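Asks: I'd like to ask some things about the structure below.
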Amino acid sequence: LCSIPLYKVLFFSGEPHDMKPKKQCPNGWTEYCNRCFIYVFHAMSWAQAQRNCDFMKANLASVHTFEEYKFVQHLIFNSTHASQQTWLGGSDAQENGYWFWIDGTQFRYTNWCPGQPSNYYYEQCLQMNFGGHKCWDDAYCTKLLSSVCAKKI
């Protein structure tokens, strides 16, 4: 879950006040847990999607909790009115079986579909909303999918 920033303090009125200006997400982005997220409709390979995120000073999104996964699913559904298969920032291309997030955060939470990741013929990139369970699957990095980018506020 998100933690309350240290700069939030309670004054005698009991109302929270910001001691520094609140940073906001750019237009078209959605804020969640001190990060900004955007759904990118255009289908691209995983590497192209990451380059596109990088152009926006972001990375393909990392997901660290079930609640965050549900938020990303909701973001996609609100944008497409469907549960589109979508790239996230996970990959094991550097070392088979060792999954990492492209933004450098630790890969602890997982939501793999049953039998996944399979590494079937070198599937090394993480797609979400796969199959009936709408869970994670390792896919060919050249597959063309939409994506979700994220950046810190």
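The values are calculated or read from the model by the stated rules, or taken from the named source; none is laboratory data. This structure is a prediction, so every number in the text was calculated from the model and none was measured. Here Cβ is always computed from backbone atoms with ideal geometry, including for glycine, and neighbour counts include all displayed protein chains.
Asks: Looking only at the stretch 16-30, decide whether some residue is modelled with pLDDT of 95 or more, within 27 Å of residue 143 (Cβ to Cβ) and within 14 Å of the chain's Cα centre (by Cα).
Replies: Yes, because at least one residue in the stretch 16-30 is modelled with pLDDT of 95 or more, within 27 Å of residue 143 (Cβ to Cβ) and within 14 Å of the chain's Cα centre (by Cα).
Asks: Among (1) closer than 15 Å to residue 152 by Cβ; (2) touching a strand residue (DSSP E or B) at 6+ places or on another chain (Cβ under 7 Å); (3) surrounded by 12 or more Cβ atoms within 10 Å (Cβ to Cβ), there is one condition residue 105 misses while meeting the rest; what is its number?
Replies: (2)
Asks: Inside the stretch 52-76, can you point out the residues that are surrounded by 15 or more Cβ atoms within 10 Å (Cβ to Cβ) and part of a helix (DSSP H, G or I)?
Replies: Within the stretch 52-76, 52, 53, 68, 69, 71, 72, 73, 75, 76 meet the criteria.
Asks: Since residue 80 meets every condition but one in (1) in contact with a helix residue (DSSP H, G or I) (Cβ under 6 Å, 6 or more places away or on another chain); (2) closer than 20 Å to residue 52 by Cβ; (3) of a type outside the set (D, E, K, R), which condition does it not meet?
Replies: The failed condition is (1).
Asks: I would also like to ask the following. What number goes with the only condition from (1) surrounded by fewer than 20 Cβ atoms within 10 Å (Cβ to Cβ); (2) within 13 Å of residue 139 (Cβ to Cβ); (3) under 12 Å from the mean Cα position of the chain (by Cα) that residue 45 does not pass?
Replies: Among (1) surrounded by fewer than 20 Cβ atoms within 10 Å (Cβ to Cβ); (2) within 13 Å of residue 139 (Cβ to Cβ); (3) under 12 Å from the mean Cα position of the chain (by Cα), the lone unmet condition for residue 45 is (3).
Asks: Follow-up question, since we're still on this one. Between a first residue in the stretch 141-153 that is over 10 Å from residue 36 (Cα atoms) and a second residue that is loosely packed, with under 14 Cβ neighbours inside 10 Å, which pairs have beta carbons less than 6 Å apart while being 6 or more apart in sequence or on different chains?
Replies: These pairs meet every condition: 146/41.
Asks: Being part of a loop (DSSP other than H, G, I, E, B) and touching a residue at least 12 places away in the same chain (Cβ under 8 Å) is true for just one of 115, 90, 97. Which residue is that?
Replies: Sole residue among the options that is part of a loop (DSSP other than H, G, I, E, B) and touching a residue at least 12 places away in the same chain (Cβ under 8 Å): 97.
Asks: Does residue 83 meet the test of being more than 22 Å from residue 26 (Cα to Cα), of a type outside the set (A, V, I, L, M) and surrounded by 13 or more Cβ atoms within 10 Å (Cβ to Cβ)?
Replies: Yes: the conditions hold for residue 83.
Asks: Confirm whether residue 41 is free of Cβ contacts under 8 Å to residues at least 60 places away in the same chain and at negative phi.
Replies: Judged against the criteria, residue 41 is not a match.
Conditions (1) of a type in the set (Asp, Glu); (2) surrounded by 20 or more Cβ atoms within 10 Å (Cβ to Cβ), marked per residue:
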site	(1), (2)
95	yes, no
98	no, no
115	no, no
122	no, no
125	no, yes
